[in-house]
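Peer 1: Supplied in structure tokens, the structure appears directly below.
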Amino acid sequence: MNARLGLIGHDISYSKSPLIHRYMGKKLKIELTYDLLEVEADEIPDLIDELRHGIYQGFNVTIPYKESMIQYVDQLTPKAKLIQAVNTIYMKNGLVIGANTDYDGFEGLLEKNNLNVKSKNVYILGSGGAAKAVYHVLKDLGANVSVVTRNIAHKDDYFEHVIEYRDINPESVDIYVQATPIGTYPDVNVSVLTREEVEGKTVIDLVYNPLETQIMKDSKKGIGGISMLIIQALKSEEIWFEQEIELTDQLMKQLKEVILDE
């Protein structure tokens, strides 16, 4: 089996996704290439055409196109429709399908870290495509969720409870989920919150490069996004290759080593 895949995004040279997929290609005995496709929005239709014509067999989607990608697909999976964001694209029965495996990735991250969010006050920092997937996982698991945005005037009615950063009361926060690109390499010393706002708290940062971001360093317990990255990637492969992939502890360890040893 041959597969040409790619990641659609902007400013994505830091991405570790090619390392994961190339490693898995060898493991699954699939002749696989995985391209970083840094494109402007007006170039996306050309990539979708290449998918339709079999030049590509599938795409992942990242910042800033997870939400806007919806307009380019023919059909959404139930999760993608619920979340209103797409991070995986493939062809099925002649249709371009948009799926969301970020949900599985974040759910898996919580499980891997034995983090129980039921009845906890969880504050999501950011309101983009990744935040929407996180929001639904947390709601499904019984958390009390607040979404924090920079400008309440532009708030998304999608979320039930939205506040501005200045309105955060750290005393009421159990867990922060950092779902913005802030703190991503090379801007590793930047944080969306002050040390005073996060000290003593658990912080889940979806950023995975660097492994320990500034906001994680400032927190009591910091959990990075590397396991979410791996889980969502494997879920995408299950869709593209139509086979189940068992994520054993050994495979997780191997994939983390592949990412870290680059």
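The values are calculated or read from the model by the stated rules, or taken from the named source; none is laboratory data. Note that this is a predicted model, so its numbers are computed, not measured. When we count neighbours, we look across all protein chains shown, and the Cβ atoms used for this are built from the backbone with ideal geometry, even at glycine.
Peer 1: Among the listed residues 139, 120, 112, identify the single one that is without any contact (Cβ under 8 Å) to a residue 24 or more places away in the chain and among the charged types (D, E, K, R).
Peer 2: On the way: 120 fails: without any contact (Cβ under 8 Å) to a residue 24 or more places away in the chain; 112 fails: without any contact (Cβ under 8 Å) to a residue 24 or more places away in the chain.
The unique qualifying residue is 139.
Peer 1: I'd like the full set of residues that are under 22 Å from residue 136 (Cα atoms), part of a loop (DSSP other than H, G, I, E, B) and in contact (Cβ under 8 Å) with a residue 60 or more places away in the chain, limited to region 171-186.
Peer 2: If the condition is that a residue be under 22 Å from residue 136 (Cα atoms), part of a loop (DSSP other than H, G, I, E, B) and in contact (Cβ under 8 Å) with a residue 60 or more places away in the chain, then 181 is the only one that fits.
Peer 1: When the residues of region 224-240 are narrowed to those that are in contact (Cβ under 8 Å) with a residue 40 or more places away in the chain and touching a strand residue (DSSP E or B) at 6+ places or on another chain (Cβ under 7 Å), which ends up nearest to residue 106 (Cα to Cα)?
Peer 2: Only one residue fits best here, namely 225.
Peer 1: Here's another thing I want to ask about it. Write out, first by first residue and then by second, each pair whose Cβ atoms fall under 7 Å of each other, whose residues are 6+ apart or on separate chains, and whose first residue, in region 1-15, is surrounded by fewer than 18 Cβ atoms within 10 Å (Cβ to Cβ) while the second is in a loop (DSSP other than H, G, I, E, B) and of a type in the set (A, V, I, L, M, F, W, C).
Peer 2: 1/30; 4/55; 10/63
Peer 1: I'd like to check something: does region 177-186 contain any residue that is exposed (fewer than 13 other Cβ atoms within 10 Å of the Cβ), of a type outside the set (Phe, Trp, Tyr), within 18 Å of residue 207 (Cβ to Cβ) and not assigned by TED's automatic domain parsing to the domain that holds residue 70?
Peer 2: Yes: region 177-186 contains one or more residues that are exposed (fewer than 13 other Cβ atoms within 10 Å of the Cβ), of a type outside the set (Phe, Trp, Tyr), within 18 Å of residue 207 (Cβ to Cβ) and not assigned by TED's automatic domain parsing to the domain that holds residue 70.
Peer 1: Then there's this: Taking region 142-161 as the search range and keeping residues that are modelled with pLDDT under 95 and of a type in the set (A, V, I, L, M, F, W, C), which one is surrounded by the most Cβ atoms within 10 Å (Cβ to Cβ)?
Peer 2: By that ranking, first place goes to 159.
Peer 1: Given the criteria closer than 19 Å to residue 109 by Cα, in the same structural domain as residue 7 (by TED's automatic domain parsing) and touching a residue at least 40 places away in the same chain (Cβ under 8 Å), does residue 243 qualify? So that I can check it myself, show each step before the final result.
Peer 2: Values: closer than 19 Å to residue 109 by Cα: no; in the same structural domain as residue 7 (by TED's automatic domain parsing): yes; touching a residue at least 40 places away in the same chain (Cβ under 8 Å): yes.
No; evaluated as a whole, the condition is false for this residue.
Peer 1: Turning to a different aspect of this structure: Does region 24-32 include one or more residues that are touching a residue at least 12 places away in the same chain (Cβ under 8 Å), over 22 Å from residue 105 (Cβ atoms), in contact with a Gly (Cβ under 8 Å, 6 or more places away or on another chain) and surrounded by 14 or more Cβ atoms within 10 Å (Cβ to Cβ)?
Peer 2: No, every residue in region 24-32 fails to be touching a residue at least 12 places away in the same chain (Cβ under 8 Å), over 22 Å from residue 105 (Cβ atoms), in contact with a Gly (Cβ under 8 Å, 6 or more places away or on another chain) and surrounded by 14 or more Cβ atoms within 10 Å (Cβ to Cβ).
Peer 1: In addition: Taking region 187-223 as the search range and keeping residues that are touching a residue at least 40 places away in the same chain (Cβ under 8 Å) and in a loop (DSSP other than H, G, I, E, B), which one is surrounded by the most Cβ atoms within 10 Å (Cβ to Cβ)?
Peer 2: Of the residues in region 187-223, the ones touching a residue at least 40 places away in the same chain (Cβ under 8 Å) are 192-193, 202, 204, 206, 208-209, 211, 219, 223.
From what's left, in a loop (DSSP other than H, G, I, E, B): 192-193, 206, 208-209, 211, 219.
Values: 192: 22, 193: 23, 206: 28, 208: 20, 209: 18, 211: 15, 219: 25.
Here the answer is 206.
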